[in-house]
Structure formats: structure tokens, C-alpha cells
1. Would it be correct to say that ILE453 is open to solvent by less than 30 Å² (accessible area, probe 1.4 Å), touching a residue at least 40 places away in the same chain (Cβ under 8 Å) and among the β-branched types (Val, Ile, Thr)?
2. Would you confirm, using the coordinates I've provided, whether ILE200 is in a helix (DSSP H, G or I), more than 21 Å from the chain's Cα centre (by Cα), among the β-branched types (Val, Ile, Thr) and under 25 Å from SER58 (Cβ atoms)?
3. Report yes if some residue within segment 555-568 is surrounded by 21 or more Cβ atoms within 10 Å (Cβ to Cβ), among the charged types (D, E, K, R) and at pLDDT 75 or above; otherwise report no.
4. Tell me, yes or no, whether segment 477-484 has at least one residue that is more than 20 Å from MET295 (Cα to Cα) and under 19 Å from the mean Cα position of the chain (by Cα).
5. Restricting the search to segment 64-106, which residues are open to solvent by 10 Å² or more (accessible area, probe 1.4 Å) and in contact with a strand residue (DSSP E or B) (Cβ under 9 Å, 6 or more places away or on another chain)?
6. Mind counting the residues in segment 350-368 that are under 15 Å from GLY417 (Cα atoms) and surrounded by 15 or more Cβ atoms within 10 Å (Cβ to Cβ)?
7. I'd like the residue in segment 687-699 that is open to solvent by less than 100 Å² (accessible area, probe 1.4 Å) and over 13 Å from MET652 (Cα atoms) and, out of all such residues, is modelled with the highest pLDDT.
Amino acid sequence: MTNAHPKTPTILSPSVEEPIEGLPPGFGEGVAGRIAFWIAVSFSAFQLYTAAYGNLPSQVVRAMHVGFLLLLGFALLATLRARTPVGKAWFWTLAILGFLTGIYNWVFYDDIIQRSGFLTTTDLVVGAVLIVLVFEAARRIMGLPLAVIAGLFLAYCFFGNYLPAPFIHRGYDFAQIVEHFGFGTEGIYGTPVYVSAAYIFIFVVFAAFLERAGMIALFNDFALGLVGSWRGGPAQVCVLSSALMGTISGSGVANVVASGQFTIPLMKKFGFRSAFAGGVEATSSMGGQIMPPVMGAVAFIMAETLNLPYADIVKAAIIPAALYFGACFWMVHLESGKFGLQGMDKASLPNPWDAVKLHWPLVLPLAALVYLLFAGYTPIFAGTMGLALTIVLILGTPLAALIGPFAFRVVFWVALGLAAASFMRYGVDILALVIGALVAACLFFKGGRETLIICIESLAEGAKNALPVGIACAIVGIVIGTLTLTGIASTFIGAIIAIGQNNLFLSLVLTMLTCLVLGMGIPTIPNYIITSSLAGPALLELGVPLLVSHMFVFYFGIMADLTPPVALAAFAAAPMAKTSGMKIAMQASKLAVAGFVVPFMAVYTPALMLQDAGPMAASYGYPVEVFYIVFKACLAIGLWGAAVVGFLFARMVAWERLLATAAAFSLVLALPYTDELGFALAAIVIGLHWWRNRSRTAGALP
């Protein structure tokens, strides 16, 4: 934790905060940097207040959320990117204009509703300015791809009436387009921004507080102690720590940058090839986005879009997430065996359970979050309470340190815990009083004042971390608004349905390719929103269960960050691995085998995501079907991994790798007798390989 005062020139050092998308670390130098810092703190304070009390209309909250995003985004561009006084002044002007669009919607909220369909010239100017600023912020912070795609959709609204059938639409005038995108709830202020304001922001700030409180140290020490001594220990540590980080983080690329500085050099030191080390980091970090409970924040959008309880989304993701990381562990194990790489010296590693004992209070807010989510509370309530409990822990720590006898410290924590937990009975106000009392107490002690500074910095850091996600949600509203305004989605859906009536597999492949192409340079959240809007309904029409169809596009949206030619996560790992990003992407594609296999298996056997029961459940019961499908998936992934790496008990020859590949594909296919064929081929290839290398098998096992 840093002890820097918020008034220092550079608020957060690079060692604490990693670069966020298109922005360098920190908030900038001098007075402008301090202003940007306090804008971020104010943004977090506004969002926390609205989350806790919710007494503002949803449209106002959405407009202010976008206004704060534009204010903070352009302010950071002014302090961190602009090099000339004119450039700084230009970005600050855009920042103020962006914030004023939110204020305008707040002040004239009732008037705008009453004159819906008959907006004034001032309304249209404000709406047009908002659209332009969202595009400019997305271009500057998220890069060109997302802005270009959204721009093409917006251009379609203006000029689609000149296109040939089936793409032609009836045409829309300027006022209608501006009102739809700049004021309605199906444009910029649509569902993605609602979810960003209501859910995602809270969880990003929650993660920022946990990280500053020492959660990363807990994850790293636990992973080192638990799996560091396994074969290929450094890479196994990378996989486990990234899986743990995925429980609180919402950005896979940011995870690559944050943890890769430690894990990639460690893997290379122990003999892993540079490309493989980078691939392990990229694959495991991106996999964190399918790890419950946060799931890269897509889970909240999915729950809102499908109108399903959040717990249903998490339950559907548990088995695929376990298979994904299980495949990563397995591939590392095989690669290590192929090149004779051993684990780390167990005596030099920390005890994982000592790390848990030392940092166990940090687990409590995460446990409370999971409990509240599965107990049926809304994500906004669960996230707010989890964050509040984290703040209570952080603020209570320096006060507890002042208490001498251990028994008195125990009494203090028990009393504080009971006071904090009373929100379940008496509401948010009691928790606010507890936090207020702790803040007041911390003001009178040196350690307490430093802790308050850490909390303020966490608020600022959380707002900055939420900036790319929020901007992406705002501009993707242009895409969603185009689909609802013009109905072009029905054309795409009809094409997929026409193909799928004859061949569902071909429709799935087409959907997969769409996700991978759209994902080239586009973050997971907008990728999911766009592809689920286009392909999700089509897959549902073809008989794919609703949740499975959305999970299908979600997973391949994640895979887009690992597969060539763009592979953002792979290229983020390249500087640390000191090798080509393309080579890392090739390794990552091999490592992420579960990410490619599981979605297809789930379509044909939805029980893999704990969805619809199949014929086996009718005869033997649902648990038996789930166990059978999971076992089949594990065997297929295991064989695929062995075929890709070329190692099982020992190095595999060409015919063994081909046979293992055929067995894996047979197990994935859901056709008559393919399971039997797959099991038979698996038994043959494993048996023959073991027999051929039986003298070396004992030495090859861990």
C-alpha cells in the first residue's frame, strides 16, 4: 500500500497502478493531475451514493454516469497524453462539455420526457454533442476498431435507405436519429450503460479496494505455496493466481500486464520457452473473465439482458470455468514433462495456509459477496455491501492495531463485525454510520490518516479502472440502437437460421467466426453485447437453450483476445516475454483448448452448463448425466492437449497424436455412436502409448 498523500504530484505510481487501455498510469502532474484525481474520487462517490440509496431516476443516473466518464476520460487525456497547452485546453473543453450533457439531462429530466418526439434545437445540439464526444472518447481510449464498427452502424442509420434489399430501411431524419441515440434508453443510455452504472462500476471499485488491501499478495502466496512445487511449478502458479484474480477482476488484458511482470520472467527462468510462458499468462489471465463471481462483468449484462437471476449465470459458468483452468494446468504439466522441467523447491515456497491465516479477513468480503449473490439479493446490493465490508476492514485495521491485549482486539473485531452485519436487518444507513464512525476515529491517529488516504486513492483508482469498460458500454449503445431502430438484426438472424435448419454445426461455426472477427481489438463486453444481439436470437430459434447460446458467444468473445491476428492479450504479454506477440498467440490458442471445445459441447449437451436435461437424465438421473458429460469433456480435453503438445507419459509419435485427435473429436461430437468410438480410440491410444513407453512411465509421472 502506498502512503502518498493525494496532493502529491503523481497520485499513484506505476508500481501500484498499471496502464489502463490507452492511458498511462497515474493521474498526471501538478494542479491538473490533482483535479483529475478528485474528479475520479467524485465519480466513485456519486456512483456509491446512487447504488446505496437509488433515489435518482434511472435515466439521470445513466446520463450522469456517461457525463462523468467523459469528464474523467478527457481530463486524463489532458493530463497524461496532451503535450501542448492548446492540446490540454482542447481536452479540458471536451471534458467539461461531456459532463454538461449529463447535467443537462438531470436538470431538464421532466421537460425532456414531456417533449419526447418534439425535441428543441437545444436538445438536438446536446444530443449531437454527446454522440460526437462518445465516439471521440472511445477512439482515444479504446482505439480505432470499436469506434469504426460503431461508426459503420451509425452511418447505416443515415444512409441505409439507399442500399439494395435486404439491407434497405425506410430512412430516418437527423432529429429522429439524435433523439434515439442521445436521449432514449435504446442508444447511448441503453442497457449496457445501465449495467455499467448499476453493477460494473461497483465491482471494479470493489476489486480496487481488495487489491490495495493486499488481496493480490494473498493470491500470489497461496498459489506459490500450493502448486509451486508441482511439475512446471512457475507456470502452474501463473494459472492458479490468474484464476483467483479472475474472481475479483474484470479485465483480462490488465491482468496480463499486472501479473505477467512477475510470472513470465519466473517461467523463463525455470526453462519454459518465451512464447509458451507468454501464452500461459495470456490464456490464464483471459480465463479469469469466465471465473465466477465477477466473470469480467459480462455476467451482470447477461443477467440483465436475459432477465435471469445472477446466480443462474454463475451456476452455468462453474463447470466450463473449471474445465478451462483444468486444461491450462494439464497443458503446462505436459509441456513440462516434454522438456523435463521440474517444480520449484518446496522449502523455499511460502506455506499457502499461512498466507490464508495472515490475510483471512480479506476473504470475508468476497465470501459475503458470493453469499448475497446466491441468496437472491441483487448484484448492485451484493456489490455495494461487499465493498462496504471491505472498507470497514481497511478502516478497522489501524484502530485494532492500537489495542494491546489480543482478547480486546478480538472483542473489537467481533463488535465491528456485528455492527456491520446489522445492515441485513436495519438497512444501508447503519452501515454508513459504522463507516462514518471509523472515518472519524481514523482522523485522530497517524496510521488511521494514512489508511484514509489509501481509501481515497482506491476510490480514484477504481474510477479510472472502470473508465474503459464504461466508455465501451456507451459506444456499443450505438450498435444496439441501430439494431433496434432499423431491424437489421433480423436479416443476420434469418441468414443464420436458414443455414442452421440444414446444419446446426455450420451455424455455430459461423457464429464463432463472427465473434472472433468482431473481437479483433474490441473488448469482451462490447463484443458480447454485439454478438449476442445478432447471433443469440438465431441460436435460440435453432433450439439452443437461451443461456447456452449467450455463453457460446461470450466464450468466443474472450477467445478473440487470444487468437491471431490481433490477440490483444498475447501482444500485451509480448514485451515481458521478449518475443513475438504472434508466437504467443499461437501458443495461447493451443492452451485455450477448453475455450474452443466446451461451448460446442454445451450446445449439444446443455447439462455441461447445468441447463436442460438430456435423454440420459431420464434413464439414470440428472447428476449421472452431468457427471458423464464432464468426464467425457475432461477426457477429450486431455487427449487434445496430449496431441497438441506431443507428450503424454513420454513423447508421442505422429500416429499417436493423430489417433488422440480423432478420439477427442469423437467425444466432442454428439452424433450416434461417436461417444463409443471416442472411448474406444482413447483406450487404444492411451494403452498403446503406455505399452510402448512402459519402462519410462514411472519416471514421467509427477
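1. yes
2. No; evaluated as a whole, the condition is false for this residue.
3. yes
4. Within segment 477-484, one or more residues are more than 20 Å from MET295 (Cα to Cα) and under 19 Å from the mean Cα position of the chain (by Cα).
5. LEU80, ARG81
6. Qualifying residue count, segment 350-368: 6.
7. ALA698
Every residue, every condition in (1) free of Cβ contacts under 8 Å to residues at least 24 places away in the same chain; (2) closer than 15 Å to ALA642 by Cα, yes or no:
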| position | (1), (2) |
| --- | --- |
| ASN307 | yes, no |
| ALA311 | no, no |
| ALA316 | no, no |
| ALA321 | no, no |
| PHE325 | no, no |
| PHE329 | no, yes |
| SER336 | no, yes |
| PHE339 | no, yes |
| SER348 | yes, no |
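The values are calculated or read from the model by the stated rules, or taken from the named source; none is laboratory data. A quick note: this is a predicted structure, and the numbers were derived from the prediction, not measured. Reconstructed Cβ throughout: ideal geometry from the backbone, glycine too, with neighbour counts over all protein chains shown. The protein model used for the area step is the full one, side chains on, heavy atoms only, and it has no ligands, DNA or RNA in it. Shrake-Rupley method; radii C 1.70, N 1.55, O 1.52, S 1.80 Å.
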